[in-house]
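Student: Supplied in structure tokens, the structure appears directly below.
The values are calculated or read from the model by the stated rules, or taken from the named source; none is laboratory data. Here the structure is a predicted model, which is why all the values come from computation and not from measurement. Neighbour counts are summed over all protein chains in view; Cβ atoms, including those assigned to glycine, are modelled from backbone coordinates with ideal geometry.
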6 protein chains.
Amino acid sequence: MSTICIQVINPNTDPGMTQTIAEAARAAASPGTDIVAVCPPDGVPSIEGHFDEAIAAVGVLEQIKAGRQQGVSGHVIACFGDPGLLAARELAQGPVIGIAEAAMHMATLVATRFSVVTTLPRTLIIARHLLHQYGFHEHCAGLHAIDLPVLALEDGSGVAQEKVRARCIQALQEDGCGAIVLGCGGMATLAQQLTRELQVPVIDGVSAAVKMVESLVSLGLTTSKHGDLAYPERKTLSGKFAVFND
Amino acid sequence: MSTICIQVINPNTDPGMTQTIAEAARAAASPGTDIVAVCPPDGVPSIEGHFDEAIAAVGVLEQIKAGRQQGVSGHVIACFGDPGLLAARELAQGPVIGIAEAAMHMATLVATRFSVVTTLPRTLIIARHLLHQYGFHEHCAGLHAIDLPVLALEDGSGVAQEKVRARCIQALQEDGCGAIVLGCGGMATLAQQLTRELQVPVIDGVSAAVKMVESLVSLGLTTSKHGDLAYPERKTLSGKFAVFND
Amino acid sequence: MSTICIQVINPNTDPGMTQTIAEAARAAASPGTDIVAVCPPDGVPSIEGHFDEAIAAVGVLEQIKAGRQQGVSGHVIACFGDPGLLAARELAQGPVIGIAEAAMHMATLVATRFSVVTTLPRTLIIARHLLHQYGFHEHCAGLHAIDLPVLALEDGSGVAQEKVRARCIQALQEDGCGAIVLGCGGMATLAQQLTRELQVPVIDGVSAAVKMVESLVSLGLTTSKHGDLAYPERKTLSGKFAVFND
Amino acid sequence: MSTICIQVINPNTDPGMTQTIAEAARAAASPGTDIVAVCPPDGVPSIEGHFDEAIAAVGVLEQIKAGRQQGVSGHVIACFGDPGLLAARELAQGPVIGIAEAAMHMATLVATRFSVVTTLPRTLIIARHLLHQYGFHEHCAGLHAIDLPVLALEDGSGVAQEKVRARCIQALQEDGCGAIVLGCGGMATLAQQLTRELQVPVIDGVSAAVKMVESLVSLGLTTSKHGDLAYPERKTLSGKFAVFND
Amino acid sequence: MSTICIQVINPNTDPGMTQTIAEAARAAASPGTDIVAVCPPDGVPSIEGHFDEAIAAVGVLEQIKAGRQQGVSGHVIACFGDPGLLAARELAQGPVIGIAEAAMHMATLVATRFSVVTTLPRTLIIARHLLHQYGFHEHCAGLHAIDLPVLALEDGSGVAQEKVRARCIQALQEDGCGAIVLGCGGMATLAQQLTRELQVPVIDGVSAAVKMVESLVSLGLTTSKHGDLAYPERKTLSGKFAVFND
Amino acid sequence: MSTICIQVINPNTDPGMTQTIAEAARAAASPGTDIVAVCPPDGVPSIEGHFDEAIAAVGVLEQIKAGRQQGVSGHVIACFGDPGLLAARELAQGPVIGIAEAAMHMATLVATRFSVVTTLPRTLIIARHLLHQYGFHEHCAGLHAIDLPVLALEDGSGVAQEKVRARCIQALQEDGCGAIVLGCGGMATLAQQLTRELQVPVIDGVSAAVKMVESLVSLGLTTSKHGDLAYPERKTLSGKFAVFND
């Protein structure tokens, strides 16, 4: 078996979260898979809304381009809003998977309905839009926010983690759901422990996305270049985007 | 009546198209309305896919920020994919309207179903996604592409314009639609003539969006800052995005 | 700029409410716009269900016909159920806008999700059906009734107005919405004050519809006569409907 | 078994079509069922659009009121647009069934998908809206019009009937449907013959609605008066609508 | 009038419930209708999940085959999950109606929205899926479970019946619904009493389905054999399924 | 890494197709994965409709029970209708994946829209229903049938295979899709060659499902036993189903 190399992109610029994500990705990777975890040099330290996502998307695309030049097998976009996903698919040769997408897909395979637990309430609209875009709005039993910012997951206090755990328990009791989707890359390392404790699938998108890229690559399936995900039309980008010109 | 100042943002960097859009906007503006037409200094010369849109969104946001600092009343995003629309709404104080959104809304007010005529086939998926996001997928009778790039509308030959006209006629005959939405900012100046010739509403999003901003401003309605369109969380952007730090 | 004349039709026969609606319409109208506020001579004194709507629709259509003969530029149907809207579009030459339609459209332009506050609970089903017809059911976060009849808004006590205010506040806290749509023509004059007090867009359909008609007229867009909104087939109406024969 | 009396209302004023509908209703009625076929004295001679429907709805409601006073068991609205259906349910004590509703419901019981064959193309939008309102849009494989007015079915030439037959055959070949819904009360007498000839269920709404009313009545089920179909709020109607005051 | 013979199939093997269902069916049947109530010899004693349904479907199909050979006019599948419905339609010549389908259809004819009261919470997902399959998800205001197993309805204590009654009252107060659908064949005999007591339509699917089969049969409508409900492709079944070979 | 053992269940009784499916599964499996391919002893030789599926579901469930007793890690249901999927999930401890589900999920990860190519036209309704159940109806650009029975894929002539290839090419040209889903387990071995030849992802559900089970197992995710996929209620099955009693 040839080696698979997966580029895991943390769309924000926080090194701690990049590390968290890298660990989750490596823990999920098969023996023959290399994980290259990166984050963009320029961007936002955390992603908590549409503006943050729009900025982060450019950083994601720069990394996709770099990853493709390095010959990686596929890419993971490790922010729960999947910023820049379709744009990244245009740019990439291999498969590109977002962690919201991955977690939602996996959840529908092990439960009839799932709930989402995320960070700030203002990000719920992003999850809601993704549910519609991916086709899973009827499979979602509830959307919940712990009302703490993303980086609270990195402050070492464990407060955010405890709030996530409490919200998961509440969702299971009230929503009639059979699985929980963790709505932030920074929650990646919580999934296994919560799965064991709560005795239901608690799904982290980072590890789910790593398995999906491995699956697609090993099946020889890459992003379709027939039609609307074909490489971007050739044109010269200007100014700070000139980095995208070959 | 106090003066309304609308910033019309061409998300691509093409000066000719900025000019076309500015003309359409000015023709639509009420006597008391000033139009400030801009395009970002850095970006893509035309927008024909998700990658182009992701790049353009940053330019849009820079202009939104500048426009807000200049005290404009509201903003128009003059590319049919409405790149960066929700991010722009977070950043803006006044209303922000995309031209796809504006044209689709107006079309549902004058016909039970409308068809869309756009440029390259690969952009149809963007229109399709917007129809779902805005709630108008059941109101759309057909999606059509003339299979020419955006900038063919600026080459002075009239070939693209003739293809648009032919596609509109075909759509009216085959789709059972009552109105046509023109799917590109570069088609803005065609709408009035086609409306007269074809005797059906042929709707340009640029002028439609100008009227919508005027309407919202004069009603005292601005983008809601309660909830998920609140101003972005305060955080320090790095590198080439530092321009967004105040 | 030529003068625009908008016929604002109160579908019920209550003169007080016609007055309330006329004031809101005039306050919203641009300098060059004349407002002609009318109500049908025959009909129901208030509209609080499907039966009331079916009766009111005939009165609306009589006024549409009269307005067209008087050469008005466009029409507003100023009852939140938009009674007779598509029939009125068949009959009219200019654009016809319902106030539910107008308020819902505008709400989606300034917030990702809105809530509706209306009068009697039995009218909620009408709002629900309109949300589906217009494509906005996914954009609606909640439907609320103050459980008072329409004419309580005209009794001068302010009780109904205070209930509307309280329900708006409750909806903002519980629904996760970013804007409020006022669900009755009789609430028209509350919108501006509530917008200021609650610091979110509180949208009145009467003023919203006036701006939409102004917009369509100034863009040269009229109701499509191609297809299913063409003028009614010529036939002789009998008895009390003979007024519709030319 | 007590006698059931069903009022079958032809919403247009054409006596020939009332006769056609009465025959179809009587042929479908069980031995213990009386059919009272009526049409309004005032109204439109045929119904081919939203305007015609709005006028006809008032006539329907007058007949509903009269029928209720006469103590009929239930009501059928025998026009394929089901004009005034929900308003009639408010006014009625017994069940009220529209023929489009009845035919569509029955079609989903004998086939996975059905097609509709109706008269003028402009009425297709009405069928389309009803499919959504009743929940059957995913069960409809095609909407077809013979492009002849309603009253062509009454001209004795048989031309319209032959066109209906040809359209049914075409729909079966092209749509992948398993049943046909006839989209006009004037086609009622064609259903049985076409069912035999084409060897698929060809469904007439008049007979289907008669069976549905019989079913509901014999089960003791009447229109719910709990909630939004309760009797209209008591209020005094004016002018030509005073007939609705008790 | 020729006699109609309806085979009512209790998909579980419980004789008490078969008896309950038979009584409800006979009470609903018209004078000229014979009811043949059967249950499969092999299967599950009650149906409370997808596994139970998959087993029960085979028993249903065996009975359908037997009923067809006996020349019955049509069939009722008397379990609220409608197990094997489309398969039964392939196998049958006459119409086949499921009781969930029947009750849901009838509910939409007498109320704008209905709620469902069923047995175990784990069966709610089945009702939810059927609502989508039949097109009625927007017509359902609430799904409720009494949290007792199906056979508690047969234990003679009346506890389950009282819980059903309490849940119906709660649903009417909280859901804004106008009718109740009883979600289990074992609740069939409760409908008439609850309808009288609660003064809203409380609908039992067994009696509703009997009327629907009667209606279809008397209209000469049978399951379409054109297309995807044609008789199963001829092939030899093996082992315990050889009973299906002619 | 511990060994993963996947039970691949061919729901029909055809040994040739079981072999085809086993080969595809083994070709897709990771080095550490064992494939146990089985088919039920009793059942139908091919599955081409709802009746065939209902029969096959029981065989699937028998194999699931046996597999669970043998301690397999997870299960694949290798028929494009995913017969018995939710029932199997109730019965299983590990994950259970259907091949339609797997192929459709994977297709949405590499293309914005996909088309399906299957065998007999009568099976299209099954694919259509699954698209809705899984949430992918908006992601499907076309449904196509080669109009040959399933076992034509096993006759050695290559005619069916050539028809599949031709239909794929046609779908790519006409549907505007970016990927093809092969709609039959018997087409499993065609995917890789067609992917190479047509230069788009042509997706076989068998290999896709194997990767999904591997992914779920290696992430420690099993079918949720919280809620509606809990093990079936304990009850004694009778007759030929007594095999399910422990």
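Student: Looking at (1) surrounded by fewer than 19 Cβ atoms within 10 Å (Cβ to Cβ); (2) among the charged types (D, E, K, R); (3) within 22 Å of C:ALA191 (Cβ to Cβ), which is the one condition that is false for C:ASP42?
Tutor: Of everything listed in (1) surrounded by fewer than 19 Cβ atoms within 10 Å (Cβ to Cβ); (2) among the charged types (D, E, K, R); (3) within 22 Å of C:ALA191 (Cβ to Cβ), C:ASP42 misses just condition (3).
Student: Another one. If I ask for residues that are closer than 20 Å to A:VAL44 by Cβ and touching a residue at least 60 places away in the same chain (Cβ under 8 Å), which ones from the range A:148-186 would you list?
Tutor: A:PRO149, A:VAL150, A:LEU151, A:LEU153, A:GLU154, A:GLY183, A:CYS184, A:GLY185, A:GLY186
Student: For the range F:118-129, state whether one or more residues are under 26 Å from A:VAL200 (Cβ atoms) and surrounded by fewer than 24 Cβ atoms within 10 Å (Cβ to Cβ).
Tutor: Checked the range F:118-129: no residue is under 26 Å from A:VAL200 (Cβ atoms) and surrounded by fewer than 24 Cβ atoms within 10 Å (Cβ to Cβ).
Student: Just need a number here: residues in the range A:123-144 that are among the charged types (D, E, K, R), facing chain F (nearest Cβ under 10 Å) and within 20 Å of C:GLU174 (Cα to Cα). Please lay out each step first, then the result.
Tutor: Restricting attention to the range A:123-144, the residues satisfying the condition of being among the charged types (D, E, K, R) are A:128, A:138.
Okay, now just the ones that are also facing chain F (nearest Cβ under 10 Å), so A:138.
Still in the list and also within 20 Å of C:GLU174 (Cα to Cα): none.
Here the count works out to 0.
Student: Could I ask something else about it? Filter the range E:67-95 down to residues that are among the β-branched types (Val, Ile, Thr) and either over 23 Å from E:SER46 (Cβ atoms) or over 10 Å from the mean Cα position of the chain (by Cα) (or both), then give me how many there are.
Tutor: 1
Student: So which of E:LEU219, E:LEU229 ends up being crowded, with 21+ Cβ neighbours inside 10 Å, without any contact (Cβ under 8 Å) to a residue 40 or more places away in the chain and over 16 Å from D:LEU219 (Cα atoms)?
Tutor: Testing whether each residue is crowded, with 21+ Cβ neighbours inside 10 Å, without any contact (Cβ under 8 Å) to a residue 40 or more places away in the chain and over 16 Å from D:LEU219 (Cα atoms) leaves just E:LEU219.
Student: Filter the helices (runs of 4 or more DSSP H) completely within the range B:61-168 down to those with at least 1 residues that are under 30 Å from C:LEU86 (Cα atoms) and of a type in the set (Ser, Thr, Tyr). First the steps, then the outcome.
Tutor: Numbers: elements: B:85-91, B:99-110, B:124-134.
Where helices (runs of 4 or more DSSP H) fall fully within the range B:61-168 and carry at least 1 residues being under 30 Å from C:LEU86 (Cα atoms) and of a type in the set (Ser, Thr, Tyr), they are B:99-110, B:124-134.
Student: For the range A:187-246, name all the residues that are of a type in the set (Lys, Arg) and in a loop (DSSP other than H, G, I, E, B).
Tutor: Residues satisfying the conditions are A:LYS225, A:ARG234, A:LYS235.
Student: Something else about it: So for the range F:134-147 (the condition being buried (at least 24 other Cβ atoms within 10 Å of the Cβ), in the same structural domain as F:SER224 (by the TED database), touching a strand residue (DSSP E or B) at 6+ places or on another chain (Cβ under 8 Å) and free of Cβ contacts under 8 Å to residues at least 60 places away in the same chain), does at least one residue qualify?
Tutor: No, because not a single residue in the range F:134-147 is buried (at least 24 other Cβ atoms within 10 Å of the Cβ), in the same structural domain as F:SER224 (by the TED database), touching a strand residue (DSSP E or B) at 6+ places or on another chain (Cβ under 8 Å) and free of Cβ contacts under 8 Å to residues at least 60 places away in the same chain.
Student: Another one. Determine the pairs where a residue that is more than 23 Å from D:GLU214 (Cα to Cα) and assigned by the TED database to the domain that holds D:LEU151, located within the range D:36-62, has a partner that is assigned to a loop (DSSP other than H, G, I, E, B) and modelled with pLDDT of 95 or more with Cβ atoms under 8 Å apart, the partner being 6 or more residues away or on another chain.
Tutor: Taking only residues 6 or more apart or on different chains, not a single pair turns up.
Student: Suppose we keep only residues that are small (Gly, Ala, Ser) and within 17 Å of A:ALA171 (Cβ to Cβ) within the range A:181-206. Which one would you say is surrounded by the fewest Cβ atoms within 10 Å (Cβ to Cβ)?
Tutor: A:ALA191
Student: Report the residue count in the range B:19-35 for those that are free of Cβ contacts under 8 Å to residues at least 60 places away in the same chain and surrounded by 20 or more Cβ atoms within 10 Å (Cβ to Cβ).
Tutor: 1
Student: Do we find that B:ALA145 is in contact with an Asp or Glu (Cβ under 7 Å, 6 or more places away or on another chain) and modelled with pLDDT of 95 or more in this structure? Don't jump to the end; show me each part of the working.
Tutor: Details: in contact with an Asp or Glu (Cβ under 7 Å, 6 or more places away or on another chain): no; modelled with pLDDT of 95 or more: yes.
The answer is no for B:ALA145.
Yes or no, residue by residue, for (1) of a type outside the set (Ser, Thr, Tyr); (2) in contact with a helix residue (DSSP H, G or I) (Cβ under 7 Å, 6 or more places away or on another chain); (3) more than 30 Å from B:VAL96 (Cβ to Cβ):
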| residue | (1), (2), (3) |
| --- | --- |
| A:ALA29 | yes, yes, yes |
| A:GLY32 | yes, no, yes |
| A:GLU48 | yes, yes, no |
| A:ALA57 | yes, yes, no |
| A:GLN69 | yes, no, yes |
| A:PRO83 | yes, yes, no |
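Student: Answer yes or no as to whether E:ALA29 is within 8 Å of chain F (Cβ to nearest Cβ) and hydrophobic (A, V, I, L, M, F, W, C).
Tutor: no
Student: Continuing with this model, one more query. Looking only at the range E:179-198, count every residue that is small (Gly, Ala, Ser) and away from every other protein chain (no Cβ under 12 Å) and tell me the total.
Tutor: 3
Student: Working only within the range B:43-62, note down all residues that are more than 7 Å from chain A (Cβ to nearest Cβ) and closer than 17 Å to B:TYR231 by Cβ.
Tutor: Within the range B:43-62, B:VAL60, B:GLU62 meet the criteria.
Student: Surrounded by fewer than 20 Cβ atoms within 10 Å (Cβ to Cβ) and under 16 Å from C:VAL181 (Cβ atoms): does that describe C:ALA111? Talk me through it step by step, then tell me what you get.
Tutor: On the way: surrounded by fewer than 20 Cβ atoms within 10 Å (Cβ to Cβ): no; under 16 Å from C:VAL181 (Cβ atoms): yes.
Judged against the criteria, C:ALA111 is not a match.
Student: Something else about it: Just checking, which of A:VAL217, A:VAL210 is out of contact with any helix residue (DSSP H, G or I) (no Cβ under 8 Å at 6 or more places or on another chain), more than 14 Å from chain B (Cβ to nearest Cβ) and closer than 30 Å to F:ASP204 by Cβ? Before the answer, list the steps.
Tutor: On the way: A:VAL210 fails: out of contact with any helix residue (DSSP H, G or I) (no Cβ under 8 Å at 6 or more places or on another chain).
After applying the criteria, what remains is A:VAL217.
Student: Now a separate question. Mind checking which residues of the range B:70-91 are facing chain A (nearest Cβ under 8 Å), of a type outside the set (A, V, I, L, M), more than 18 Å from B:ARG128 (Cα to Cα) and touching an Asp or Glu at 6+ places or on another chain (Cβ under 9 Å)?
Tutor: Within the range B:70-91, just B:GLU90 meets the criteria.
Student: Taking the condition within 14 Å of chain F (Cβ to nearest Cβ) and not aliphatic (A, V, I, L, M), does E:GLY205 pass?
Tutor: no
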